[in-house]
Amino acid sequence: MDRLRIRGGKPLQGSVPIGGAKNAALPLMAASLLTAGTVTLSNVPATLVDIKTMRDILSAHGVEFADVTGAPARNGCRTLALSAHTITNTTADYELVRRMRASVLVLGPLLARFGKARVSLPGGCAIGTRPINLHLVGLQAMGAELEIADGYVEAAAPHGLHGAVVRFPSVSVGATEHLMMAAALAQGETVLENAALEPEIIDLAKLLQAMGASVFGAGTSRIVIQGAAELHGATHRVVADRIEAGTYAVAGAITGGQLELEGVSIELLGAVIDSLRSAGVEVRAESGNVWIWGNGRPKAVDITTAPFPAFPTDMQAQMMALMTVADGSSVITETIFENRFMHVPELARMGANITVKGNTAVVRGVTALKGAPVMATDLRASVSLVIAALVANGETVVNRVYHLDRGYERLVEKLSACGADIERLAG
């Protein structure tokens with residue numbers, strides 16, 4: 001099993017090309033099931049494991065993929081053409097779906113277009129239960145007949161889906177995306193209330209609109225979709241990955257370095273930038289790029305995760321790594337996932353002083369971390385250990401780095417190009 005070896009203490013200097021957002025690309029790929037036309041997506045982080053998993057799932061349904069010719073962009077992203085002209089199978093098997101939670105997003109598009117679907121209950125990171133009940137209740141409101149049997153969701157809509165008013169009792173990005181896609185082919189008007197506000201929602205709306213759907217209000221808590229009889233192919237560029245950008249911003253800050261984040265809007269980073277500035281990090285936006293300057297030891301700041309535009313749960317572990325060496329004590333409260341402090345024991349192995357009680361962690365900054373062998377537990381926890389290792393004294397070995405392959409494209413290459421002493425060792 002591969003691992004990373006990192007020798008800390010080197011300020012990061014240089015430019016990091018930010019790729020397309022994995023969390024945007026996955027629903028965009030699933031949306032290809034809504035049409036017999038070709039959906040062409042550029043800026044796709046095609047080598048990520050989660051993207052490959054979605055590609056395998058869609059291929060099993062009969063979706064044909066073509067890599068558009070030409071060298072990958074500097075950020076490593078590619079252009080993919082997806083054609084769901086001939087769907088041969090409306091079942092998504094457990095062996096594929098268990099790899100990634102976002103796999104459930106094929107259910108709604110298959111059901112809306114073909115009137116039936118059989119999809120395994122999903123898997124993914126062990127950071128919480130994350131039930132799909134909001135997805136299923138919404139589909140039922142739109143006329144779907146659902147049954148869960150033998151670990152599969154059996155869905156039917158023999159007369160098609162119809163519009164409905166769906167009010168989410170809690171904000172869910174995945175459920176919002178899922179019902180947006182299903183509603184695009186439903187009869188009549190669908191209204192999603194208490195919808196998620198994330199930039200990835202806006203990105204999906206842009207693709208659906210390009211495919212011929214009528215979508216209004218994306219980026220607000222009320223989204224209205226007018227269903228179409230059929231959709232057509234379209235071309236779309238995947239939005240930049242705000243979590244990748246935020247991760248490198250924290251890496252630059254913790255090492256006292258200077259980094260240029262290429263190809264990302266500062267508006268996407270919102271609360272992350274606010275927290276970094278509160279910690280004493282200098283941030284500037286210029287010509288579609290973001291510049292980060294670390295100014296010595298960071299100041300302690302308190303963080304509470306919440307749905308966009310608040311501080312994202314996917315950046316909590318990275319920010320905790322920064323706070324381990326901050327001047328003072330910070331309180332980090334996790335409100336989204338119940339198991340998202342699994343990186344704490346590993347940071348403690350490196351000398352961090354962290355106390356956890358329930359969904360709150362108190363981080364008392366230390367003057368220095370020390371290298372140690374550590375174990376990755378999930379995607380964002382993995383990269384928090386890498387960030388800590390970049391500033392730690394001595395050598396750190398991060399084990400089980402396959403988690404990183406799910407969400408960070410060319411991580412070692414990008415960090416090495418900015419001066420980090422990091423290498424991947426084969427297992």
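Side notes on the structure shown:
- The reciprocal of the average 1/r between distinct C-alpha atoms defines the Kirkwood hydrodynamic radius, which for the chain equals 21.9 Å.
- Å³ per residue enclosed by the Cα convex hull of region 22-227: 111
- Summing charges over neighbours of residue 408, with a neighbour being any other residue whose Cβ is under 13 Å away from its Cβ, gives -2 when K and R count +1 and D and E count -1.
- Between the beta carbons of residue 327 and residue 52, assuming R0 = 45 Å, the FRET efficiency works out to 0.60 to the nearest 0.05.
- Extending 7 Å from Cα along the Cβ direction at residue 413 and again at residue 91 yields two label points whose distance is 3.9 nm.
- Label-to-label distance, residue 226 versus residue 156, with points set 7 angstrom from Cα along the beta-carbon direction: 3.3 nm.
- Model label zone, residue 187; criterion: amide N under 18 Å from point 7 Å along Cα-to-beta-carbon; scope region 200-225: 225
- Stokes-Einstein diffusion for region 154-263 at 20 °C, viscosity 1.002 mPa s, with a Kirkwood radius from C-alpha pairs, works out to 137 µm²/s.
- In nm, spacing of pseudo-spin labels at residue 355 and residue 286 (7 Å Cα→C-beta vector): 4.4
- Note on region 1-117: Cα-Cα pairs beyond 20 Å make up 47% of the total pair count.
- The percentage of C-alpha pairs in region 30-90 whose separation is greater than 16 Å is 42%.
Where a number appears in this text, it was derived from the coordinates with a stated rule and is not lab data. Here the structure is a predicted model, which means the values were calculated and not measured. Heads up, the Cβs are rebuilt from the backbone with ideal geometry, glycines too, and the neighbour counts pull from every protein chain shown.
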